[in-house]
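Peer 1: Got a structure for you, written out below as structure tokens; questions coming shortly.
The values are calculated or read from the model by the stated rules, or taken from the named source; none is laboratory data. Predicted model, so just to flag it, every value in this text is computed and none were measured. Here the Cβ positions follow ideal geometry from the backbone for every residue, glycine too, while neighbour counts run over all protein chains shown.
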Amino acid sequence: MLNVIKNKFKNVLLIFNKEIKNKIFLNTINLNLFNNIKINYNNKIFNLNKLSNIKIINRNIIHIIPYIPNIIKKIEYEIYKFNMYFNIINKKKYLLLIIKSITYDVKKKIIINLKNICNNFFIKLKILREKLIKKYKKTILNKDNLNLIIKNINFYFLKIKKKINKLFIFYKNNI
């Protein structure tokens, strides 16, 4: 029973980490970003990753090699439309995307977004805590066991809340 409680709180933390990584970081590379870029080729629409080979060279550089050489301009245009955080270097046979450094205003918006995500997860944690307490109050008749379970629920609640706060500070400092 205690492992179930522990796992539910850990799942909230894992979801928090995924959401932060997917929504916040513009200065690190995530290849999922390119799944949303559509290219019109021969009157058909394709995802960028279907028309080209996308490789991460290092933390700030992406290498895109189109399978069809004559669409490089289309790819460059669509990437430019999609995301302004890349410097695009056209090398005729391939593209290099270099992530621009983040300005103060963008950093400020990212931190605000990060705070909002943290606050949403605090609300989710509170709701989870309340649901678990209600559930176990209905099912467990022995007061000692119930108090022990409530104590553990509160313990994991505070533990995950502290971890989210630490992650917030870590991510805020690494933007």
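Peer 1: Mind listing whichever residues of region 50-59 are buried (at least 16 other Cβ atoms within 10 Å of the Cβ) and either assigned to a strand (DSSP E or B) or without any contact (Cβ under 8 Å) to a residue 24 or more places away in the chain (or both)? Step through it out loud before you land on a result.
Peer 2: Narrowing region 50-59 to residues buried (at least 16 other Cβ atoms within 10 Å of the Cβ): 51-52, 54.
Correct list: Ser52, Ile54.
Peer 1: Any residue in region 140-168 that is closer than 19 Å to Met1 by Cβ sitting within a Cβ distance under 7 Å of a residue that is not in a helix (DSSP H, G or I)? List the pairs, counting only those 6 or more apart or interchain.
Peer 2: Leu146/Ile140; Ile149/Met1; Ile149/Ile140
Peer 1: Go through region 113-123 residue by residue and tally those that are surrounded by fewer than 13 Cβ atoms within 10 Å (Cβ to Cβ) and over 13 Å from Asn165 (Cα atoms).
Peer 2: Count: 1.
Peer 1: Confirm whether Ile62 is surrounded by 13 or more Cβ atoms within 10 Å (Cβ to Cβ), aliphatic (A, V, I, L, M), assigned by TED's automatic domain parsing to the domain that holds Asn35 and within 23 Å of the chain's Cα centre (by Cα).
Peer 2: On the way: surrounded by 13 or more Cβ atoms within 10 Å (Cβ to Cβ): yes; aliphatic (A, V, I, L, M): yes; assigned by TED's automatic domain parsing to the domain that holds Asn35: yes; within 23 Å of the chain's Cα centre (by Cα): yes.
Yes: the conditions hold for Ile62.
Peer 1: Suppose we keep only residues that are part of a strand (DSSP E or B) and aliphatic (A, V, I, L, M) within region 38-49. Which one would you say is farthest from the chain's Cα centre (by Cα)? Spell out the reasoning first.
Peer 2: Filtering region 38-49 down to residues part of a strand (DSSP E or B) leaves 38-41, 44-47.
Filter once more, keeping what is aliphatic (A, V, I, L, M): 39, 45.
Numbers: Ile39: 25, Ile45: 27 Å.
If we take residues in region 38-49 being part of a strand (DSSP E or B) and aliphatic (A, V, I, L, M), then Ile45 is farthest from the chain's Cα centre (by Cα).
Peer 1: When both residues are 6+ apart or on different chains and their Cβ atoms are under 6 Å apart, which pairs have a first residue that lies in region 76-101 and is not assigned by TED's automatic domain parsing to the domain that holds Ile54 and among the β-branched types (Val, Ile, Thr), and a second that is at pLDDT 90 or above and assigned to a loop (DSSP other than H, G, I, E, B)?
Peer 2: none
Peer 1: Scan Lys92, Lys109 and give me the residue that is assigned to a loop (DSSP other than H, G, I, E, B), under 30 Å from Asn49 (Cβ atoms) and of a type in the set (Lys, Arg).
Peer 2: On the way: Lys109 fails: assigned to a loop (DSSP other than H, G, I, E, B).
Just one listed residue meets the conditions, Lys92.
Peer 1: Can I ask one more? Just the residues that are assigned to a helix (DSSP H, G or I) and polar (S, T, N, Q), please, taken from region 112-152. Spell out the reasoning first.
Peer 2: Filtering region 112-152 for residues assigned to a helix (DSSP H, G or I) gives 112-139, 143-152.
Across region 112-152, the qualifying residues are Asn113, Asn116, Asn119, Asn120, Thr139, Asn145, Asn147, Asn152.
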